[in-house]
There are 2 protein chains.
Amino acid sequence: MVNIPDWLYEFHGHKCPFVVMGYRMGARALSELGVSRAHNHEMFVFSEMGVGHPQGCLQDGIQAATSATFGKGQMHKLFYGKIAAVFYYPGKTPLRIALKNEFSDRLAPHEFFRLRKQGVEPSEVPAEIANNIVNVVLSAKDKELFNLKELPDFSFRPVKGSFNKAKCEVCGEYVFERYLRRRDGKLVCIPCSGQESAEHTIYLPLK
Amino acid sequence: MVNIPDWLYEFHGHKCPFVVMGYRMGARALSELGVSRAHNHEMFVFSEMGVGHPQGCLQDGIQAATSATFGKGQMHKLFYGKIAAVFYYPGKTPLRIALKNEFSDRLAPHEFFRLRKQGVEPSEVPAEIANNIVNVVLSAKDKELFNLKELPDFSFRPVKGSFNKAKCEVCGEYVFERYLRRRDGKLVCIPCSGQESAEHTIYLPLK
């Protein structure tokens with residue numbers, strides 16, 4: 001049985017199989033790449049998950065195992081709707097890890113998912129059912145869980161950080177310089193500029 | 001002195017003032033909205049942070065305090081380059097919390113930032129210096145830290161979840177149905193379709 005830290009469920013908000021699977025995927029990535037937890041900005045993760053499918057919990061497990069977090073700008077989405085992620089560590093060959101179909105098929109008939117499909121929220125699933133499915137994930141062998149593939153052509157160049165900031169001349173709030181705009185001769189933030197940010201995440205909501 | 005969980009730094013990867021500030025911002029949001037940690041998908045956070053400024057660590061603190069995580073699809077970015085976030089909880093008035101300029105100014109001359117600007121990575125900052133700046137954040141009063149503003153017109157409709165998936169008829173991997181495409185009469189994943197995902201995050205890298 002693989003060990004996971006007690007705080008994983010507190011951070012994530014509930015106990016579910018995908019946060020545990022993500023933790024195992026992240027731990028496997030560190031081990032395959034021969035690196036340790038990203039204390040600073042060493043590694044980047046490109047999750048193939050999208051929106052509108054509950055398995056995104058996987059990504060919290062990856063954050064927790066690797067510290068390649070969203071906050072530090074190391075966790076990105078590719079929006080492919082797949083239970084897979086690419087681990088990019090400069091100087092190492094990029095590695096894609098995907099959940100095996102066979103393992104998805106093995107979990108699918110579990111009572112946990114029957115309840116979830118009925119609309120039961122994860123935190124409301126009875127503890128013995130959640131514990132049972134989590135133990136299925138924790139006790140699986142790595143080779144039952146994952147397909148690994150090296151992606152030597154995958155490349156990424158992170159944005160260079162800067163501490164430079166200035167106050168918006170309209171609202172007075174500090175703004176990091178990348179996001180300062182000019183309007184009516186003043187240096188302003190994006191909301192005060194009337195522009196939209198050139199950087200954003202495009203989701204296409206289901207109507 | 002405000003209490004934070006021991007695991008915050010392990011999750012985040014290092015000890016820094018912004019992850020602590022984010023934790024306090026998230027905790028304040030829960031308290032102001034009168035809600036508890038988001039065990040499922042109750043709350044959404046729209047961070048005004050962007051890329052290319054190191055203060056993004058704030059967002060990991062918010063994730064840790066609220067469980068409105070990136071993995072569960074509850075943490076989004078507005079790309080304004082501001083140390084602020086909007087907390088959206090259906091049924092409550094949306095709340096914006098921003099760091100006060102005065103507190104930024106108070107932290108700025110600290111040895112921690114002098115070292116960071118010299119290129120010292122957060123985990124390499126001597127412990128006594130990191131502890132000192134973190135204690136400045138932990139011992140500050142809420143009113144010294146944050147400006148709060150209700151945003152009654154802020155609205156958001158989350159994407160409805162679905163468990164439906166099918167195997168890509170080319171690569172054989174499972175794909176959630178929102179991301180299935182059609183090519184040559186086959187049902188395929190986005191990479192096998194030759195298309196790009198219609199959903200993505202636009203960053204404009206600094207050259």
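On the stretch given as the stretch A:124-147, residues that are under 25 Å from A:E48 (Cα atoms) and at the interface with chain B (Cβ under 9 Å from one of its Cβ atoms) total 1. If the condition is being facing chain B (nearest Cβ under 7 Å), hydrophobic (A, V, I, L, M, F, W, C), more than 14 Å from B:Y179 (Cβ to Cβ) and in contact (Cβ under 8 Å) with a residue 12 or more places away in the chain, then the stretch A:59-85 contributes A:A64, A:M75.
Pairing each residue of the stretch B:95-121 that is farther than 19 Å from B:Y23 by Cβ and facing chain A (nearest Cβ under 9 Å) with any residue that is open to solvent by less than 20 Å² (accessible area, probe 1.4 Å) and in a loop (DSSP other than H, G, I, E, B), provided the two are 6+ apart or on different chains, yields C-beta distances under 8 Å for B:R116/B:V125; B:E121/A:N40; B:E121/B:H14. Only one entry in A:A27, A:A38, A:A68 is modelled with pLDDT of 95 or more, assigned to a helix (DSSP H, G or I) and among the small types (G, A, S), namely A:A27. Sort out which residues of the stretch B:8-66 are within 26 Å of A:G119 (Cα to Cα) and among the hydroxyl-bearing types (S, T, Y), and write them in order of number. The answer is B:S36, B:T66. For the stretch A:108-190, the strands (runs of 3 or more DSSP E) that sit wholly inside it and include 3 or more residues that are under 30 Å from A:L30 (Cβ atoms) and not β-branched (V, I, T) are A:146-150. Evaluated against (1) open to solvent by 60 Å² or more (accessible area, probe 1.4 Å); (2) touching a Cys at 6+ places or on another chain (Cβ under 7 Å); (3) not acidic (D, E), A:C189 falls short on exactly one condition, (1). Note on the stretch B:8-18: residues that are of a type in the set (A, V, I, L, M, F, W, C) and within 7 Å of chain A (Cβ to nearest Cβ) amount to 1. Does A:N135 count as at pLDDT below 95 and either surrounded by fewer than 19 Cβ atoms within 10 Å (Cβ to Cβ) or over 28 Å from the mean Cα position of the chain (by Cα) (or both)? In short, no.
Just checking, how many residues over the stretch B:80-122 are among the aromatic types (F, W, Y) and out of contact with any Asp or Glu (no Cβ under 9 Å at 6 or more places or on another chain)? Quick ask: steps written out before the conclusion?
Taking the stretch B:80-122 as the starting set, the residues that turn out to be among the aromatic types (F, W, Y) are B:80, B:87-89, B:103, B:112-113.
Still in the list and also out of contact with any Asp or Glu (no Cβ under 9 Å at 6 or more places or on another chain): B:88, B:112-113.
Looking only at that region, the number is 3.
Every condition in (1) at pLDDT 95 or above; (2) loosely packed, with under 12 Cβ neighbours inside 10 Å holds for A:R157 except the one numbered (1). Apart from one condition, B:E102 fits all of (1) part of a loop (DSSP other than H, G, I, E, B); (2) surrounded by fewer than 15 Cβ atoms within 10 Å (Cβ to Cβ); the exception is (1).
Flag: B:V51 does not match the condition of being in a loop (DSSP other than H, G, I, E, B) and surrounded by fewer than 17 Cβ atoms within 10 Å (Cβ to Cβ).
The values are calculated or read from the model by the stated rules, or taken from the named source; none is laboratory data. This one's a predicted model, so the numbers in the text were calculated from it and none came from an experiment. No Cβ is skipped: glycine too gets one built from the backbone with ideal geometry, and neighbour counts run over all protein chains shown. The area values use the complete protein model at the heavy-atom level, side chains included, leaving out ligands, DNA and RNA. Shrake-Rupley method; radii C 1.70, N 1.55, O 1.52, S 1.80 Å.
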